[in-house]
1. Can you name the number of the only condition in (1) in contact with a Pro (Cβ under 6 Å, 6 or more places away or on another chain); (2) in a strand (DSSP E or B) that W77 fails?
2. Counting only residues that are in contact (Cβ under 8 Å) with a residue 24 or more places away in the chain and touching a helix residue (DSSP H, G or I) at 6+ places or on another chain (Cβ under 7 Å), which one in segment 23-44 is surrounded by the most Cβ atoms within 10 Å (Cβ to Cβ)?
3. Does segment 46-62 contain at least one residue that is of a type in the set (F, W, Y) and not in a helix (DSSP H, G or I)?
4. Of all residues in segment 45-60 being in contact (Cβ under 8 Å) with a residue 24 or more places away in the chain and surrounded by fewer than 18 Cβ atoms within 10 Å (Cβ to Cβ), which is farthest from F20 (Cα to Cα)?
5. Here's a check for you: in segment 70-90, which residue that is touching a residue at least 12 places away in the same chain (Cβ under 8 Å) and at positive phi is farthest from the chain's Cα centre (by Cα)?
6. Restricting attention to segment 61-102, and to residues there that are among the small types (G, A, S) and closer than 16 Å to F20 by Cα, which single residue is surrounded by the most Cβ atoms within 10 Å (Cβ to Cβ)?
7. Suppose we filter G35, G12, G73 for residues that are at pLDDT below 95, closer than 23 Å to E100 by Cβ and of a type outside the set (A, V, I, L, M); which single one remains?
8. Could you say whether any residue in segment 16-30 is over 12 Å from the mean Cα position of the chain (by Cα) and under 27 Å from E72 (Cβ atoms)?
Amino acid sequence: MKTEPSTPFSNGTEYENFMFYFCYRCKKGLINENGFAEYPENGGCHIWDAMETARFDITRWPADKIVKGEKEGRKYWHICTEFDGEDKDVMLAYKGLMEEDKE
């Protein structure tokens, strides 16, 4: 897939969808005792941290790590470039999506 930097989520549905498909299923998607994303210095995800910080400072949006792209004529938005899940089938599908298009 050819990718380019993404833009911030346009609404809460996009945010929740991203969280469901990536953050909550990722090995780095840790939640602290208060129910918030764990800080990177405590083992949490630096992308999730930047995404949450961007709520207050849009310049911190991790556009290079949350990308959009197109593969085989289908468009995709808000894809985490560092997703690493436990489910083998999910990871197989993710790796297939992220592969470069064959010419």
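The values are calculated or read from the model by the stated rules, or taken from the named source; none is laboratory data. Please read these numbers as outputs of a predicted model, since none were measured by experiment. Every residue, glycine among them, receives a Cβ derived from its backbone with ideal geometry; neighbour counts consider all protein chains shown.
1. Just one mismatch for W77, condition (1).
2. C23
3. As a first pass, look at segment 46-62 and keep what is of a type in the set (F, W, Y): 48, 56, 61.
Those still in the list that are not in a helix (DSSP H, G or I) too: 56, 61.
Yes: segment 46-62 contains one or more residues that are of a type in the set (F, W, Y) and not in a helix (DSSP H, G or I).
4. Only one residue fits best here, namely I58.
5. From segment 70-90, those touching a residue at least 12 places away in the same chain (Cβ under 8 Å) are 70-72, 76-87, 90; that's our starting set.
Next, only the ones that are at positive phi stay: 72, 78.
Values: E72: 21, H78: 6 Å.
Looking at residues that are touching a residue at least 12 places away in the same chain (Cβ under 8 Å) and at positive phi, I get E72.
6. Of segment 61-102, the ones among the small types (G, A, S) are 63, 69, 73, 85, 93, 96.
So of that shortlist, the ones also closer than 16 Å to F20 by Cα come out as 85, 93.
Working: G85: 18, A93: 12.
Checking each candidate, the answer is G85.
7. Working: G35 fails: closer than 23 Å to E100 by Cβ; G12 fails: closer than 23 Å to E100 by Cβ.
Going through G35, G12, G73 in turn, the sole match is G73.
8. no
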